[in-house]
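Student: Handing you a structure now.
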Amino acid sequence: MIEVHKIQDSQTGEFTFEQYLKGGVLHRDPNVGPALVRRTPKGTGILKAYYWEGRLHSPDHGPAIIEWNEGDIMPCKKGWFRHGYLHSTGGPAVWSLNKDHDAGPFALTDAYFVHGYNYRDPAQGPKLIHRDWHTGQTTVCQFTSKRKFIGPCPSEADLSKLFKRRADRSTYDLLP
């Protein structure tokens, strides 16, 4: 049975907090909606997170976690997860944006993960790109080494033989 907890702002009537729990952990079918939502009293988003049995898990149509700076319409950070680990095969698994740059918004961080491992086919580009907050110039650009490249669609088992640590929510939180 799903427990739903909501907090409503008494002045605006907007729900500023929602969580869906099953057995004491965040849980909701990601294709139905997020298991955790935080909003401002005016109703603009701060956080939406999709969980399946206590683990971040992306719905079929998008990221598992979306963050906004208070009052903004455009998200500042997104993360794609599969059963608690960073994972995306269609683009970066972590993407953050600096929307306040004079020349216009630009991607601050693009980090590619497959089954929780920082991995990308080097022919497609770097596995980690970070740009300076003020200038937009690339400051970090890391590629998957040729000795660790095992093909464009590696299995979880093959990747676990090459890498020691899998990336979860703590890794997501460390990336700007």
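Student: Test each condition in (1) modelled with pLDDT of 90 or more; (2) within 20 Å of Lys77 (Cα to Cα) for Asp132 and report the one that comes out false.
Tutor: (1)
Student: Of Arg147, Arg165, which residue is part of a helix (DSSP H, G or I) and more than 20 Å from Gly45 (Cα to Cα)? I'd like the intermediate steps shown before the answer.
Tutor: Working: Arg165 fails: part of a helix (DSSP H, G or I).
Answer to the check: Arg147.
Student: Consider Asp121 against the criteria (1) in contact (Cβ under 8 Å) with a residue 24 or more places away in the chain; (2) loosely packed, with under 14 Cβ neighbours inside 10 Å; (3) farther than 25 Å from Val32 by Cβ; (4) among the acidic types (Asp, Glu): it satisfies all of them except one. Which criterion is unmet?
Tutor: It fails just one condition, (2).
Student: Can you pull out the residues in the range 1-14 that are closer than 10 Å to Pro41 by Cβ and either in contact with a helix residue (DSSP H, G or I) (Cβ under 8 Å, 6 or more places away or on another chain) or not acidic (Asp, Glu) (or both)? First the steps, then the outcome.
Tutor: Quick first cut of the range 1-14, residues closer than 10 Å to Pro41 by Cβ only: 8-14.
Within the range 1-14, Gln8, Ser10, Gln11, Thr12, Gly13 qualify.
Student: Quick check, is Thr109 within 28 Å of Asn31 (Cβ to Cβ) and outside any loop (DSSP other than H, G, I, E, B)? Reasoning before the result, please.
Tutor: Numbers: within 28 Å of Asn31 (Cβ to Cβ): yes; outside any loop (DSSP other than H, G, I, E, B): yes.
So Thr109 fits the description; yes.
Student: Looking at (1) over 13 Å from the mean Cα position of the chain (by Cα); (2) aromatic (Phe, Trp, Tyr); (3) assigned to a strand (DSSP E or B), which is the one condition that is false for Trp133?
Tutor: Of (1) over 13 Å from the mean Cα position of the chain (by Cα); (2) aromatic (Phe, Trp, Tyr); (3) assigned to a strand (DSSP E or B), only one is false for Trp133: (3).
Student: A follow-up question, please. Identify all residues within the range 118-176 that are closer than 24 Å to Lys99 by Cα and either acidic (Asp, Glu) or in contact with a Gly (Cβ under 8 Å, 6 or more places away or on another chain) (or both); write none if there are none.
Tutor: Passing the criteria: Asp132, Arg169, Tyr172, Asp173.
Student: Among the candidates Arg147, Arg166, single out the residue that is among the charged types (D, E, K, R) and over 21 Å from the mean Cα position of the chain (by Cα). Walk me through how you get there before you give the answer.
Tutor: On the way: Arg166 fails: over 21 Å from the mean Cα position of the chain (by Cα).
So the residue among Arg147, Arg166 that is among the charged types (D, E, K, R) and over 21 Å from the mean Cα position of the chain (by Cα) is Arg147.
Student: Being surrounded by 14 or more Cβ atoms within 10 Å (Cβ to Cβ) and of a type in the set (Gly, Ala, Ser) is the filter; apply it to the range 126-176 and report the residue that is farthest from Gly54 (Cα to Cα).
Tutor: Checking each candidate, the answer is Gly136.
Student: I'd like to check something: does the range 142-154 contain any residue that is at pLDDT below 90 and within 22 Å of Ile66 (Cα to Cα)?
Tutor: The answer is no; no qualifying residue exists.
Student: Could you list all residues from the range 149-174 that are of a type in the set (D, E, K, R) and within 17 Å of Ala93 (Cβ to Cβ)? Talk me through it step by step, then tell me what you get.
Tutor: Within the range 149-174, the subset of a type in the set (D, E, K, R) is 156, 158, 161, 164-166, 168-169, 173.
Passing the criteria: Glu156, Arg165, Arg166, Asp168, Arg169, Asp173.
The values are calculated or read from the model by the stated rules, or taken from the named source; none is laboratory data. Remember, predicted model here, so these are calculated numbers, not experimental data. Positions of Cβ are generated from backbone atoms using ideal geometry, with glycine treated the same way; all protein chains shown enter the neighbour counts.
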